[in-house]
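S.K.: My questions will all concern the structure given below.
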Amino acid sequence: TQMPNNLEAFFMPFTANRQFKKAPRMMVGAEDMHYVAADGRKVLDGTAGLWCVNAGHARPKIVKAVQDQVAKLDYAPNFQMGHPLPFELASRLAAMMPEDLDHVFFANSGSEAVDTALKMAIAYHRARGEGHRTRLIGRERGYHGVGFGGISVGGISGNRKQFGAMLPGVDHLPHTHDRSKQAFTRGEPEWGAHLADDLEKLCALHDPSTIAAVIVEPVAGSTGVLIPPKGYLKRLREICSKHGILLIFDEVITGFGRLGKGFATDYFGVVPDLITCAKGITNGTIPMGAVILRKGIYDAFMNGPENMIELFHGYTYSGHPVACAAALATLDTYAEEGLFERSAELHGYWEDAAHSLKDHPHVVDIRNLGLVAAVELDPLAGKPTARAYDAFVKCFERGLLIRYTADIIALSPPLICGKGHIDEIFGTLGDVLKEAA
Ligand code: PMP
């Protein structure tokens, strides 16, 4: 592959990519558990791309489905006409869902799915004569994409502060992570469920009949793998139900097997009213996001009495044929290979391997659930991210891709990984951390 000389002049996605400018890590190929870097080296994918390539890279069945579909029906709008694939995909997704979450709206990304879900929640209440229910509640350290809705409910103030007005009437629950009380917890922490009661405090403060929805990531991924305390999500559900508030689970990361079940709703046994998903829905091949929800909410949004004249919502590429074909082949692959169950068998091994780094220099916390783990390092004075960045660069040089946010290293391999891959991930990271001492 020919590299342009001045990369910056052409294309520089992601503001966080200043490090990429310093040392471009170009990937030119990928297969199963590995990337192929521009210099021909194989790099073990410890992060499933960006938490999305759950079945491993370039799986032949998915590749073929994409190729066949683009040749057969490249595009058809789902506006005043349609095609069969989104219906088939919606029924497959609904079959994976608990209770009556059996309606699906397709978007093209997690961000779009989130903004759609927030609008749906408000529209639902309005259709029921509760037009004053417009307040939204997110969580500190929640990440819900980069749309105005997503950054408003998202708990990362840095993503908001330059953009002026946000959605009005948004509050954030406290995040549930306190290292002094739960460092090195294996799985779900015992401490912290009571923080859900802050929702009751917000209800007392605002009048609960003004609150439309609460949105949370069941496991906050992007901001450092924050595992919900035992009972926390259940408590949120109870408070929402009590006050008629809709609960949205943002499962963009936790969906499609990351916790060894289809979705986090199965893992935790807590059923929200709407689920947003993306990433693993197409195994990272073709962009797609979705909201999966109860019929009553869907109808209020899409088929309300005022209908299209008053309300239009949809994307040109909602239910895109090629994305649908990719998603159907991806769901087949997950099912045929039993990937969720198979990966669940590795959870104990994964947990032990992650926590084997406990006594390594600078490691101040390790967290894990399903096939996700975070290794948190103490920040270098005045240079947050320096240690984690250094580990990231050194791991890459040794053929391992990890991910880091601030001082937190996150790991989430494709679900096809084996024990050998897990050994390699934590072995390489461990070596790098020891050397950094
Ligand atoms: N929600 C969550 C929980 C996410 O992790 C992400 C992406 N990391 C998003 C929303 C946004 O998805 P996208 O980048 O596809 O817009």
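S.K.: Return the pair list, or none, for Cβ contacts closer than 9 Å from residues in the stretch 204-223 that are closer than 15 Å to Asp171 by Cα and assigned by TED's automatic domain parsing to the domain that holds His144 to residues that are near the ligand (Cβ under 9 Å from one of its atoms) and among the β-branched types (Val, Ile, Thr), at least 6 apart or on different chains.
M.R.: Ile215/Val114; Ile215/Thr276
S.K.: Go through the stretch 39-76 and give me each residue that's surrounded by 15 or more Cβ atoms within 10 Å (Cβ to Cβ), of a type outside the set (A, V, I, L, M) and touching a Gly at 6+ places or on another chain (Cβ under 9 Å).
M.R.: Asp45, Gly49, Trp51, Cys52, Asn54, His57 - these are the residues of the stretch 39-76 that are surrounded by 15 or more Cβ atoms within 10 Å (Cβ to Cβ), of a type outside the set (A, V, I, L, M) and touching a Gly at 6+ places or on another chain (Cβ under 9 Å).
S.K.: Hey, can you tell me all the residues within the stretch 109-148 that are part of a helix (DSSP H, G or I) and away from the ligand (no atom under 11 Å from the Cβ)?
M.R.: Of everything in the stretch 109-148, those that are part of a helix (DSSP H, G or I) and away from the ligand (no atom under 11 Å from the Cβ) turn out to be Thr116, Leu118, Lys119, Met120, Ala121, Ile122, Ala123, Tyr124, His125, Arg126, Ala127, Phe148.
S.K.: Could you list, in sequence order, all residues of the stretch 35-62 that are over 23 Å from the mean Cα position of the chain (by Cα) and within 27 Å of Ile292 (Cα to Cα)?
M.R.: Passing the criteria: only Lys61.
S.K.: Name the pairs: first residue in the stretch 143-161 and in contact (Cβ under 8 Å) with a residue 60 or more places away in the chain, second residue in a loop (DSSP other than H, G, I, E, B) and near the ligand (Cβ under 8 Å from one of its atoms), Cβ to Cβ under 6 Å, at least 6 apart or on different chains?
M.R.: Tyr143/Ser222; Val153/His144; Gly155/Gly142
S.K.: Kindly provide the set of residues from the stretch 95-108 that are away from the ligand (no atom under 16 Å from the Cβ), touching a helix residue (DSSP H, G or I) at 6+ places or on another chain (Cβ under 7 Å) and either basic (Lys, Arg) or closer than 17 Å to Lys279 by Cβ (or both), ordered by number.
M.R.: Val104
S.K.: Further question on the same structure: Using the structure shown, decide if Tyr404 is modelled with pLDDT under 95, part of a strand (DSSP E or B) and touching a strand residue (DSSP E or B) at 6+ places or on another chain (Cβ under 8 Å).
M.R.: When the stated conditions are applied, Tyr404 passes them.
The values are calculated or read from the model by the stated rules, or taken from the named source; none is laboratory data. Everything numeric in this text was worked out from a predicted model, so none of it was measured. Here Cβ is always computed from backbone atoms with ideal geometry, including for glycine, and neighbour counts include all displayed protein chains.
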